[in-house]
Amino acid sequence: MNRLKTRWIIFGGLFLIVTLSYLTNIRFKSVASPEIQKSYDYLDSLPEGSVIMVSFDHEASSLPEIQPLALVVLRHAFKNNLKIIGVSLFAEGTAIGYRLLSQTAREYDKTYGVDYVFLGFKPQQISAILGMGESIAHVFPEDYLGTPTDEIPIMMNIVNYDQIEMVISIADGALAVHWIEYVGGQYHQNIMTALTAAMITTYDPYLASGQLYSVIGGLKGAAEYENLLGQPGGGNRGMLAQTSAHVYVIVLIVIGNILYFRGRKNGKA
Amino acid sequence: MQQRLPIAVCFIAGALMFLQYFSPHPVARAVFVTINDYWQIIFAFTLLVGIAAFVRTNLRQISRGKEAPYRLIGLAGLVLMPVLAVFGGIKIESPFQWAFENMLAPMQATVFSLLAFFVASASFRGFRARNAQAVILLAAALVVLIGRVPITEMISDTFPKITFWVQNYPSMAARRGILIGIGLGSMTTALRVILGIERTYLRGE
């Protein structure tokens, strides 16, 4: 009974802290880490009209963390008049990717088919990734809305990865590894990833070896990028909640250990 | 014959895919594209198998009266989304997109967010400095937790530096070891399958 009560107190505390954090308007001034700066500088250096591929490789469950990451990348690309080819290798990322692209395109007054296109979902990620190395139109004969890919203006001069400056995988799992290993390795394409915080360490070895160009990691990464772009959004809004939750967990660990050592001293543990 | 034929097919397919990688010849590229197409078609059929299994399992459980309301909702969702997509389209203002954004996504995010509550509870109960190894793990976790929030940057830039050190050296060394192990293991297994040494896919015969 006591154990159950403690659990509910812990749950209630976290709920309260996160809710209050979102209700208050405190903003942190976060400094861009070298990785975020590198990502920003690369996209900033691309000439107008360059084509990038953005792959929405995530599920709906991670949307609260993924959305600020995706939005900040798309906003930067559209702001610099880059052209975007959107794809999804996760079924759930399809509807989200289409909505985020359409929403951001509207903000910057971009035209579908000319400035951006969404090709939709393809099952079997590795096969789709490898297939696009030969011909994107072969893997995606139609876009998400059913228009033949060959008839879409932005796709007229695009055959495969050779005409694309960079692939950005917005991922909440290990799917971006396929982009790194197959597209980076076999087709020598630059790969950037926007990842949920929990996945960052998985990609560290690829980053250190240079197989992965850069990583925009977690809500903190999104917040730093938003500040560089001068457009605070979901990343900055979530910083207080994330900070509070981290501090709360640290406090819980400390209290838990104090109680443990006290119990051991009294011979209970 | 029952064994030799699948082993021969496996060897030819494996060797073909291996060799085509090194050839820019149009025939090699055409072989690759064709095999790749079939790979996707076969995978698409596995989605059908998944749907069939989902429907069958749920119907069986409903007939037994086990969690019937939840299972009915699951089945209704399976039917509803394709119906909405087929009859209402998939554009931004479509009912399909509305249902996805306002029903599926919030439900999934809610379930996923429960993880934070269990992490909080587990950090209180399980993260104890019982021995030297646990102390090291605890210290690393605390350093990373502290270093990943902007408030510590405002106090001192030492914490983020320590966090990056933990991630870039001890943590990465362990990850590299695991990745190299996985790579070598995958390569060995692939070779064993192609050469017919590994035959567990033939029901272990």
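Just so you know, all these numbers are worked out from the coordinates, no wet-lab data involved. A quick note: this is a predicted structure, and the numbers were derived from the prediction, not measured. Cβ placement follows ideal geometry from the backbone for every residue including glycine, while neighbour counts extend to all protein chains displayed.
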Return the distance in nm (one decimal) between the two label points of a simple spin-label model at B:Leu75 and B:Val119, each offset 7 Å from Cα along Cα→Cβ.
-> 3.7 nm
Can you spot the lysines whose alpha carbon is less than 29 Å from B:Lys91's alpha carbon? Ignore those fewer than 8 places along the same chain.
-> A:Lys79, A:Lys83, A:Lys110, A:Lys122
Stokes-Einstein D in µm²/s, Kirkwood radius over Cα pairs - chain A at 20 °C with 1.002 mPa s viscosity | 107 µm²/s
Taking 0.36 nm per intervening residue step and subtracting the Cα-Cα distance, what contour gain separates A:Val159 from A:Ala91 on full extension?
-> 22.1 nm
Counting Lys and Arg as +1 and Asp and Glu as -1, each charge on the Cβ, what is the dipole of the protein assembly as shown about the Cα centre in debye, to the nearest 20?
-> 2860 debye
What is the percent of Cα-Cα separations in region B:1-139 that go past 19 Å?
-> 76 percent
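Loop only by DSSP, 11 or fewer other Cβ within 10 Å of the Cβ. Give me the trypsin sites (Lys or Arg not before Pro) in region A:27-92 that pass, ordered by residue number. Numbers along the way, then the final one.
Numbers: sites: A:Arg27, A:Lys29, A:Lys38, A:Arg75, A:Lys79, A:Lys83; in loops: A:Arg27, A:Lys29.
In loop regions of region A:27-92 (DSSP not H, G, I, E or B), the sparsely surrounded trypsin sites (Lys or Arg not before Pro) are A:Lys29.
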Summing -39500 (n - 2.57) over the DSSP H runs of n ≥ 4 in chain B and dividing by its residue number, what mean residue ellipticity at 222 nm do you reach, to the nearest 500 deg cm²/dmol?
-> -25500 deg cm²/dmol
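How shielded is B:127-135 by partner chains, expressed as the average number of their Cβ atoms within 10 Å of its Cβ atoms?
Numbers: counts 7, 8, 5, 4, 0, 0, 0, 1, 1.
Average per residue, whole number: 3.
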With a point put 7 Å past each Cα toward its Cβ, work out how far B:Met103 is from A:Leu4 in nm, to one decimal.
-> 3.4 nm
Label B:Tyr21 and B:Leu5 with points 7 Å out from Cα along Cα→Cβ: what is the distance between them in nm?
-> 3.0 nm
If each residue's Cβ is checked for other Cβ atoms within 10 Å, how do B:Thr57, B:Thr200, B:Thr152 rank with the fewest at the top?
-> B:Thr200, B:Thr57, B:Thr152
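What order do you get for A:Thr111, B:Thr163, A:Thr6 when you list them from fewest to most C-beta neighbours inside 10 Å?
Details: A:Thr111 10, B:Thr163 19, A:Thr6 13.
By the 10 Å Cβ count, ascending, the order reads A:Thr111, A:Thr6, B:Thr163.
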Residues whose built amide H sits under 5 Å from the amide H of A:Gly86, excluding neighbours closer than 5 in sequence, are A:Val54, A:Val117, A:Phe118, A:Leu119
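Among A:Glu35, A:Glu48, rank each residue by its count of other Cβ atoms within 10 Å, from fewest to most, as a rough exposure measure.
Numbers: A:Glu35 19, A:Glu48 8.
Lowest to highest Cβ neighbour count: A:Glu48, A:Glu35.
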Exercise: per-residue mean of other protein chain Cβ atoms within 10 Å, B:167-178 = 3
Which FRET efficiency value, to the nearest 0.05, is calculated for A:Glu107 and A:Thr24 with the Förster distance at 25 angstrom and r the Cβ-Cβ distance?
-> 0.40
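In Å³ and rounded to a whole number, note down the convex hull volume per residue for the Cα atoms of region B:127-198. Walk me through the numbers on the way to the answer.
Working: hull volume 9.2 nm³, N = 72.
Spelled out: Cα convex hull of region B:127-198, divided by residues, is 128 Å³.
Suppose R0 equals 41 Å. What FRET efficiency, 1/(1 + (r/R0)^6) with r the Cβ-Cβ distance, do A:Leu16 and B:Ser186 give to the nearest 0.05? Walk me through the numbers on the way to the answer.
Numbers: r = 47 Å, r/R0 = 1.14.
Plugging the Cβ-Cβ distance into 1/(1 + (r/R0)^6) gives 0.30.
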Which of the peptides A:229-237, A:212-220, B:9-17 is most tightly packed, and how do the rest follow, going by the mean number of other Cβ atoms within 10 Å of each residue?
-> A:212-220, A:229-237, B:9-17
